[in-house]
Number of protein chains: 2
Amino acid sequence: MALVNDHFLKLPNNYLFADIAKKVNIFKAQNPRADIISLGIGDVTQPLCPAVIEALHRATDEMASAGTFHGYGPEQGYDFLRDAILKNDFLPRGIHLDRDEIFINDGAKSDTGNIQELIRWDNSIAVTDPIYPVYIDSNVMIGRAGIKGDDGRWSNVIYLPCTAENNFIPQLPAQRVDVIYLCYPNTPTGTALSRDELKRWVNYALKNDTLIFFDAAYEAYIQHPDVPHSIYEIKGARRCAIEFHSYSKTAGFTGIRCGYTVVPKEVTVATLYGERLPLNPLWNRRQSTKFNGTSYLSQRAAEATYSPEGRLQIRKTIDYYMLNARHMKETLRKIGLKVFGGDDGPYLWVQAPSGMTSWRFFEQMLYNTHVVCTPGVGFGPSGEGYVRLTAFGTHEQTDEALERIKNFY
Amino acid sequence: MALVNDHFLKLPNNYLFADIAKKVNIFKAQNPRADIISLGIGDVTQPLCPAVIEALHRATDEMASAGTFHGYGPEQGYDFLRDAILKNDFLPRGIHLDRDEIFINDGAKSDTGNIQELIRWDNSIAVTDPIYPVYIDSNVMIGRAGIKGDDGRWSNVIYLPCTAENNFIPQLPAQRVDVIYLCYPNTPTGTALSRDELKRWVNYALKNDTLIFFDAAYEAYIQHPDVPHSIYEIKGARRCAIEFHSYSKTAGFTGIRCGYTVVPKEVTVATLYGERLPLNPLWNRRQSTKFNGTSYLSQRAAEATYSPEGRLQIRKTIDYYMLNARHMKETLRKIGLKVFGGDDGPYLWVQAPSGMTSWRFFEQMLYNTHVVCTPGVGFGPSGEGYVRLTAFGTHEQTDEALERIKNFY
């Protein structure tokens with residue numbers, strides 16, 4: 001008989017968003033006329049910009065005749081997109097990368113989940129807490145995370161708390177670790193790291209021979225010049241960091257599926273015998289074996305975000321969401337709530353008043369204002385006592401939600 | 001320091017298609033005026049059909065306005081496509097599946113590579129030989145395949161030879177195995193299994209408590225009524241088999257990326273304590289954690305292949321390729337070559353004359369006829385002495401290639 005990978009069985013059966021949906025659905029059934037506004041799940045609401053739509057139509061037309069049809073593309077992505085990325089996302093920041101250091105994917109979730117395949121199951125990992133659950137769950141599935149304790153912590157994962165007490169700036173780990181996951185601007189807290197703060201992490205990694213998996217999915221939301229858009233803005237990072245990008249939040253591609261991963265050739269890992277090996281060819285081999293490239297249409301769509309019109313159009317949408325964020329932060333602060341994030345990221349991290357738990361605050365908000373948020377504890381133990389609100393709603397929904405919250409609290 | 005997953009290092013550095021490209025490029029450099037025809041890589045050449053093109057334009061227009069925009073879809077795929085699959089691919093064959101037994105993906109390569117994550121690293125696996133390299137390589141990466149011997153065989157993989165001697169009908173394994181990969185109609189040989197032959201495999205699996213990973217990517221090419229399109233046409237298969245489908249070859253989606261995996265709820269694996277667990281929720285968890293759904297556009301495109309016009313149009317293209325296959329088989333047989341496959345699959349499996357090796361035959365064909373094939377040994381040890389030709393060329397290319405081969409051999 002085939003034996004199960006029993007690490008899968010360690011994952012709890014209930015999922016955050018399923019639990020939320022259940023509570024919302026019960027409330028809806030009992031209050032069929034309630035006008036529920038969801039500022040919970042981090043999905044975008046604004047349509048694709050005209051430059052992207054045009055590119056998709058054009059690419060579709062190419063697929064309609066044999067002379068311009070595109071079959072299998074390179075597993076690593078098309079050169080037209082890799083070159084556009086180099087030219088637009090990195091060169092203007094003084095970062096020189098080679099084309100074969102860029103790997104196009106179908107969104108950051110796949111690669112942030114798959115990247116851990118390259119390293120041994122017994123490497124130690126650290127995560128900031130709260131955090132995007134994929135980082136931990138993908139390590140649980142291979143046995144690297146250990147066992148989940150009653151305190152909600154996995155035995156082999158080092159948690160670096162981010163709370164109001166440390167102003168959401170995680171402390172460097174007390175011990176050395178092999179791998180650290182960082183996501184900045186952060187989901188779920190919406191906070192960012194300044195250049196000097198990120199420099200501390202790169203220096204720690206270089207000193208301790210640590211690998212950083214850096215998730216930059218929200219970099220397009222950065223407003224302050226002091227916040228780096230890429231970890232490679234920091235000297236030495238190309239020797240210790242892999243970086244993940246996504247068009248999901250940058251250009252509303254949550255339904256289109258496209259992103260990319262940067263694996264600089266200088267990043268190495270060690271064999272048991274101490275030999276150093278570059279990760280780039282290993283990732284290339286992984287992608288060539290288990291991935292067949294991203295849709296040609298999605299890649300042409302991503303390319304269009306770099307055209308002069310495309311850039312203006314996606315900027316306009318980001319400004320739209322960040323106007324929500326500013327409005328939310330001001331309003332919620334005015335009524336006395338403690339609110340974090342939202343300056344350089346599309347999420348607001350709101351502390352529950354008077355020591356309430358995340359879930360209690362979630363329920364209070366749902367039952368009394370009909371606004372859905374995400375309980376912070378779902379993102380990790382240090383998320384307890386907070387909820388996340390997204391700035392991805394429409395202005396109208398957001399304003400209405402704020403009005404109701406203002407009236408209740 | 002982070003330690004590498006050293007199973008990756010066991011993979012040979014050279015890849016079949018890279019080696020082919022190298023040899024072809026050298027020849028091109030030395031013979032710049034040679035008109036090379038590639039019947040090597042299994043990519044399609046005919047454009048997407050009008051029904052699919054129309055669906056893509058329509059879906060693109062939906063993405064252009066907020067009211068019809070689609071963000072994150074379900075990781076398991078949209079119901080409109082899952083229902084179309086149930087209604088068109090299974091119900092007409094008397095197969096009743098539930099919607100949540102269908103998982104939409106971005107092509108069969110990802111899922112045939114990822115499915116092995118669900119089982120323990122020490123399960124025994126068997127493959128027919130020659131075979132699609134992803135099955136073995138994905139097991140190598142997790143350590144399940146063992147070590148590669150000088151004979152080209154991995155120490156923990158059981159090889160079931162398919163050669164002219166057994167008419168490409170593999171023998172059941174002598175010992176019991178935990179997992180068997182089957183691909184029918186087969187890549188690379190282009191051969192198929194009759195209903196009675198497939199029944200033997202299902203019965204073996206049920207008797208031995210073996211899990212079958214069944215790759216049905218080429219089922220649309222089946223011509224004979226006696227060849228099953230789905231393993232679930234065989235009684236009992238829903239208790240032991242997972243099935244992979246793809247629109248790549250069915251509808252020319254190699255650049256669009258869409259397929260699906262069937263995980264019936266009755267398929268179980270065991271814990272070390274002998275408890276039986278259904279694989280369906282484990283796969284669901286895997287997909288929810290490491291995958292964010294296939295592009296909405298690709299899913300609408302796949303749905304269009306089931307419309308009345310879509311069905312006729314994709315059938316026409318398949319007939320076009322199968323006309324190539326028939327023509328190739330007849331012509332090559334006429335000149336005395338031993339040719340297999342091509343009746344129910346888009347590949348021809350050609351035995352090298354007078355005991356030549358695969359690579360020698362490849363070179364002879366390249367240098368003398370300027371036709372590129374794929375050396376059979378690249379698909380496994382039992383592929384030695386054969387080459388693969390695809391029927392995916394245009395009529396004109398195929399005819400010209402045959403003319404040249406006829407003149408030389």
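Read-outs: derived from the displayed coordinates by stated rules, not from any lab. If you're wondering where the values come from, they're calculated on a predicted model, not measured in any experiment. All Cβ positions, glycine included, derive from the backbone under ideal geometry; neighbour counts span all protein chains shown.
Are there any GluC sites (Glu not before Pro) in region A:203-283 that are in a DSSP loop and have at most 12 other Cβ atoms within 10 Å? List them by number. Write out the running numbers ahead of the final one.
Numbers: sites: A:GLU219, A:GLU233, A:GLU243, A:GLU266, A:GLU275; in loops: A:GLU266, A:GLU275.
Listed in order of number, the matching sites are A:GLU275.
Place the label 7 angstrom along Cα→C-beta at A:SER307 and in each other copy, then list the distances from the first to the rest in nm, shortest first.
Ordered by increasing distance: 2.6 nm.
Under a 10 Å cutoff between Cα atoms, tell me which one of B:TYR218, B:TYR273, B:TYR232 has the largest fluctuation in the Gaussian network model of chain B.
Its mean-square fluctuation being the largest, the pick is B:TYR273.
Please arrange A:PHE291, B:PHE90 by how many other C-beta atoms lie within 10 Å of their C-beta, fewest to most.
Placing the least packed residue first, the sequence is B:PHE90, A:PHE291.
Filter A:LYS109/A:LYS207; A:LYS87/A:LYS316; A:LYS249/A:LYS406; A:LYS87/B:LYS249; B:LYS28/B:LYS316; A:LYS22/B:LYS265 down to the pairs with a C-alpha to C-alpha distance above 25 Å, please.
Result: A:LYS109/A:LYS207; A:LYS249/A:LYS406; A:LYS87/B:LYS249; B:LYS28/B:LYS316 exceed 25 Å.
Defining a contact as two alpha carbons under 8 Å apart and six or more residues distant in sequence, what relative contact order in percent does chain A show? Spell out each step's value before the answer.
Values: 757 pairs, mean separation 93.0, N = 409.
Reported relative contact order: 23 percent.
Order these by the 10 Å Cβ neighbour count, fewest first: B:SER382, B:SER138.
B:SER138, B:SER382
Amide H to amide H under 5 Å from B:ASN105: which residues, 5+ apart in sequence or cross-chain, H placed 1.01 Å off N in plane?
B:GLY259, B:TYR260, B:THR261
Check B:TYR15: other-chain or 5+ apart residues with amide H under 5 Å from its amide H, H built from backbone geometry?
Amide H neighbours of B:TYR15: none.
Counting Lys and Arg as +1 and Asp and Glu as -1, each charge on the Cβ, what is the dipole of region B:16-69 about the Cα centre in debye, to the nearest 20?
Taking the Cα centre of region B:16-69 as origin, the dipole is about 420 debye.
For B:ASN368 paired with A:LYS338, estimate the spin-label separation in nm (one decimal), with each label point 7 Å from Cα along the Cα-to-Cβ line.
Rounded to a tenth, the inter-label distance reads 8.3 nm.
Calculate the spin-label point distance for A:ARG33 paired with B:LYS235, positioning each point 7 Å from the Cα along the beta-carbon direction, and give it in nanometres.
With each label placed 7 Å out from Cα toward Cβ, I get 5.9 nm.
Work out from phi, with θ = phi - 60° and the Karplus expression 6.51 cos²θ - 1.76 cosθ + 1.60, the ³J(HN,Hα) of each residue of region B:246-251, listed in order in whole Hz, and give x for Gly and Pro.
8, 8, 4, 8, 5, 9
Taking θ as phi - 60°, what are the ³J(HN,Hα) couplings along region B:263-275 by the Karplus curve (6.51, -1.76, 1.60), each to the nearest whole Hz, with x for Gly and Pro?
Couplings: 10, x, 5, 7, 6, 10, 10, 10, 8, 4, 8, x, 5 Hz.
Taking a cut-off of 40 Å, what percent of all Cα-Cα pairs in the protein assembly as shown are separated by more than that?
Of the Cα pairs, 37 percent sit more than 40 Å apart.
With label points built 7 Å along Cα→Cβ from the Cα atoms of B:ASP79 and A:ASP79, find their separation and express it in nm.
4.6 nm
Among the lysines, which fall within straight-line cross-link reach of B:LYS148, defined as a Cα-Cα distance under 18 Å, with same-chain neighbours fewer than 8 residues apart omitted?
By straight Cα distance, B:LYS148 reaches B:LYS10.
Using the 10 angstrom Cβ neighbour count as an exposure proxy, how do B:VAL127, A:VAL24 rank, fewest first?
Ranked by crowding around the Cβ, least crowded first: A:VAL24, B:VAL127.
Please compute one quarter of the surface area of the Cα convex hull for region A:53-307 and express it in square nanometres. Provide the component values of the computation, followed by the final result.
Values: hull surface 58.1 nm².
The number I arrive at for region A:53-307 is 14.5 nm².
What whole-number distance in Å separates the alpha-carbon centres of region A:120-158 and region B:79-141?
Cα centres, region A:120-158 to region B:79-141: 28 Å.
Using the Karplus curve 6.51 cos²θ - 1.76 cosθ + 1.60 with θ = phi - 60°, work out ³J(HN,Hα) for each residue of region B:158-164 in order, rounded to whole Hz, and write x for Gly and Pro.
These are the phi-based 3J(HN,Hα) values: 8, 9, 10, x, 10, 9, 4 Hz.
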